[in-house]
1. Quick check: is even one residue across region 114-122 touching a helix residue (DSSP H, G or I) at 6+ places or on another chain (Cβ under 9 Å), crowded, with 19+ Cβ neighbours inside 10 Å, within 25 Å of L209 (Cβ to Cβ) and modelled with pLDDT of 95 or more?
2. Which one is nearest to E223 (Cα to Cα), of the residues in region 105-131 that are over 19 Å from the mean Cα position of the chain (by Cα) and of a type in the set (D, E, K, R)?
3. Got a number for residues in region 349-358 being touching a strand residue (DSSP E or B) at 6+ places or on another chain (Cβ under 8 Å) and more than 29 Å from D297 (Cα to Cα)?
4. Can you list the helices (runs of 4 or more DSSP H) lying wholly within region 90-193 that have 1 or more residues being free of Cβ contacts under 8 Å to residues at least 12 places away in the same chain and under 23 Å from F275 (Cβ atoms)?
5. Is it the case that some residue within region 338-348 is closer than 30 Å to E82 by Cα and touching a strand residue (DSSP E or B) at 6+ places or on another chain (Cβ under 8 Å)?
6. Only one of these is closer than 26 Å to D137 by Cα and of a type in the set (F, W, Y): F275, F336. Name it.
7. If you go through region 292-339, how many residues are modelled with pLDDT of 90 or more, part of a loop (DSSP other than H, G, I, E, B) and farther than 16 Å from L149 by Cα?
8. Just give me the residues in region 127-162 being among the hydroxyl-bearing types (S, T, Y) and surrounded by fewer than 24 Cβ atoms within 10 Å (Cβ to Cβ), in sequence order.
Amino acid sequence: MSDEHCPFTWSDAFARGLFSTGRISLVTCLTCFVLGCLLTWRLIAPDASIFADGTPGRWAESPRDFQAFATASAIGLANRSEGPPRIVIAGTSLILAAFGSPERTQEVLQRDTGHPVEVAVLAAGANTLLHSFALLDMSFKTSGGIAILGINELTLGVSPHDQDVMIERSPLGFSSMPARALARTALGSRQRIEAFGPFDALRFYAARLRSYARNVRSGRQFEAQTKFPFEREPEGPLPDLSAKAWSTRTIEDDADFMATTETALAELDAIITHFESRSDVALVLMLDPLNLATLKDRRTLEALQQARERLEQLARRRGIRLSDALRNAPIKPAQFIDYGHIASETARNQLRHALSAEIAPLLGDQPE
């Protein structure tokens with residue numbers, strides 16, 4: 001069939017518009033370009049985002065797509081300046097497992113402190129310190145509050161290379177200039193697309209296009225499932241999942257671990273500096289709960305103790321609160337599934353009460 005009888009499509013017009021001076025082709029190419037720019041802006045600009053209501057809609061791949069839920073929640077907070085004091089808790093999957101439902105955590109904090117508060121838990125398994133930094137920075141764009149940054153000695157020892165891999169595999173759905181700058185200086189980020197920049201944010205949506213299409217076709221919209229699927233209610237026995245996981249938390253190379261810890265502490269120092277400029281944001285460093293029954297190796301214990309001492313030194317030098325409220329809560333080893341993930345709603349309630357006691361002084365006197 002000759003070209004003159006082939007159906008003329010928009011893609012043909014766009015392609016020809018790139019190399020042709022024909023009026024129709026040029027107009028089509030320009031229209032597609034403008035529409036593409038508008039769509040891109042709609043996806044990654046917080047004040048125009050499709051996540052402005054704080055929910056991921058049909059973009060979440062599953063009830064445990066916590067990167068999508070954290071992204072949407074942070075953007076939702078950035079689009080609201082009114083409301084009660086906000087408490088935003090960021091960290092890894094240890095923080096997510098520790099607090100679970102933000103609604104339940106908010107309920108406990110309100111009852112314990114006597115203050116109306118809004119609680120957001122922005123945590124995911126692939127989060128690095130830089131993910132947490134970007135999420136906290138976005139959450140407090142338009143309003144102040146209390147920023148809780150969950151950290152622990154084990155994840156401080158994640159190497160810059162591994163952090164870079166985690167950032168590349170788990171982009172957030174918005175750009176963050178402070179996190180972008182810190183990734184460049186602290187990690188010397190080696191990604192082809194700059195970490196936490198606008199093109200990096202587009203990868204978040206590109207990775208979810210198929211699941212988005214499936215969700216649109218089925219009319220499905222996921223809600224976050226923060227409990228592990230195998231948890232028993234109210235407090236039944238857990239399956240024996242811990243033996244293999246518990247035996248893997250060892251540190252083989254002390255020198256390498258401490259070197260990477262120093263890199264993480266430099267990142268943390270920069271994060272503290274950033275929030276020092278926000279008089280309306282109180283930053284609290286909070287040690288994640290750990291299952292000490294899993295950490296019996298002498299070399300591992302010594303390395304973790306060194307990391308803890310360096311962390312405490314940093315907190316003292318910067319005059320910032322390093323809270324061990326979660327670490328000291330009376331959690332039983334059987335309430336963990338491994339070195340630090342809680343799988344017990346009873347234990348979570350203990351941690352929520354511990355958090356309430358920690359932040360109550362920051363909220364001031366109870367309202368009359």
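1. yes
2. E107
3. Residues flagged as touching a strand residue (DSSP E or B) at 6+ places or on another chain (Cβ under 8 Å) and more than 29 Å from D297 (Cα to Cα) within region 349-358 amount to 2.
4. Values: elements: 93-99, 102-113, 129-139, 153-156, 160-169, 177-182.
Helices (runs of 4 or more DSSP H) meeting the threshold: 177-182.
5. Yes, some residue in region 338-348 is closer than 30 Å to E82 by Cα and touching a strand residue (DSSP E or B) at 6+ places or on another chain (Cβ under 8 Å).
6. Working: F336 fails: closer than 26 Å to D137 by Cα.
F275 is the lone residue from the list that is closer than 26 Å to D137 by Cα and of a type in the set (F, W, Y).
7. The total comes to 4.
8. Within region 127-162, the first condition is being among the hydroxyl-bearing types (S, T, Y), and the residues that meet it are 128, 132, 139, 142-143, 155, 159.
Those that are among the hydroxyl-bearing types (S, T, Y) and surrounded by fewer than 24 Cβ atoms within 10 Å (Cβ to Cβ): T142, S143, T155, S159.
The values are calculated or read from the model by the stated rules, or taken from the named source; none is laboratory data. Computed from a predicted structure; not experimentally measured. Glycine gets a Cβ as well: all are built from the backbone with ideal geometry, and neighbour counts include every protein chain shown.
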